[in-house]
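One structure is given below, encoded as structure tokens.
The values are calculated or read from the model by the stated rules, or taken from the named source; none is laboratory data. Treat the numbers as computed from the prediction; the structure is a model and nothing was measured. Cβ: placed from backbone, ideal geometry, glycine included. Neighbour counts: every protein chain shown.
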Amino acid sequence: MLRKNQFILVLFSLGLLSILLAVTQGNFVAAASLAQDPKPTPTIDRLAKPTMPANPVMADKGAQDYWLYCSPCHGDQAQGLTDEFRKQYPTEDQFCWNSGCHGNRPYPNGWTIPRYVPALVGPGALMRFPDGAVLKAYIQQQMPFQTPGILKEAEYWRITAFLLRQNGYWSGDSDLTKMLAEKIIINRDSTFSITPTTTMVPALISTPTPAMQQAALQDSNGAPSSPDVRTMAVLGMIILIVLSIIVVKGLKKW
Ligand code: HEC
């Protein structure tokens, strides 16, 4: 009888503990997402604005445009949104895909970022694009991801110049024009093309529905939000329910 009681006690403590953990972690996640700022404050060196040479060429200026508009998602070295790069962010900004941040339930009026943000520099990068002109057209039509097409034409050219130079497709020692960009080959085998649109279609922006906003708000009020937290809470409940059944049955017997 004593053993049974001890067993029940242990189960009861486990149930309580997991609920407690779930609640505290829920609060932690909510606090982290409240402090979330879509643009990371570049305090650490690797997040700092790139310095300009004395006589900057177009691609050098493009490096600064890239830093401002693209690096928060594509990385300081255009390596993509890697785990390693996210560790450069302040702790509360490292969990891009948390609920209430840029996860399935973004913060109110926020947006969702796909799990995979591709590298733009390095082996295999940009292989989708046949040449510099198509690359620029794509970037102008689709990027920045959350607000496509908002940059100035000149900024898109500068960023394209930077990316072409960083990948070694071009020396970068002159101004990049459409005519020149068409001649800078990235991947000869690519047949990818961009259909010109007069108005930029921000097709990729995820406009949060009122329900999504409500959910995000609930998250910031401290409700469990990540799947882990939810699993723990559910587990705790199940353990408690099973316990109640055992106790009730036990009471009848004993
Ligand atoms: C909010 C995050 C975000 C920002 C900011 C952003 N991107 Fe992206 N980018 C993405 C995601 C996500 C994809 C993948 C989209 C897809 O697969 O449809 C992507 C894809 C790309 C691609 C296609 C790469 C390939 O190989 O298919 C290019 C090029 C690109 N981005 C350039 C840029 C440039 C240049 C900027 C800055 C002007 C920028 N992006 C800003 C998230 C972002």
Could you say whether any residue in the range 42-60 is among the β-branched types (Val, Ile, Thr) and at pLDDT below 65?
yes
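Examine the range 142-153 for a residue that is of a type outside the set (Ser, Thr, Tyr), more than 15 Å from the chain's Cα centre (by Cα), near the ligand (Cβ under 8 Å from one of its atoms) and closer than 19 Å to PHE192 by Cβ, and state whether such a residue exists.
Yes: the range 142-153 contains one or more residues that are of a type outside the set (Ser, Thr, Tyr), more than 15 Å from the chain's Cα centre (by Cα), near the ligand (Cβ under 8 Å from one of its atoms) and closer than 19 Å to PHE192 by Cβ.
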Residues satisfying the stated conditions in the range 113-130, i.e. touching a residue at least 40 places away in the same chain (Cβ under 8 Å) and near the ligand (Cβ under 9 Å from one of its atoms)
ILE113, VAL117, PRO118, ALA119, LEU120, ALA125, LEU126, MET127, ARG128, PHE129
Those residues that are under 19 Å from PHE145 (Cα atoms) and under 12 Å from the mean Cα position of the chain (by Cα), I need them from the range 74-90; list them, please.
HIS74, GLY75, GLY80, LEU81, THR82, PHE85, ARG86
Which ones in the range 93-112 are touching a Ser or Thr at 6+ places or on another chain (Cβ under 8 Å), surrounded by fewer than 17 Cβ atoms within 10 Å (Cβ to Cβ) and either free of Cβ contacts under 8 Å to residues at least 12 places away in the same chain or charged (D, E, K, R) (or both)?
ASN104
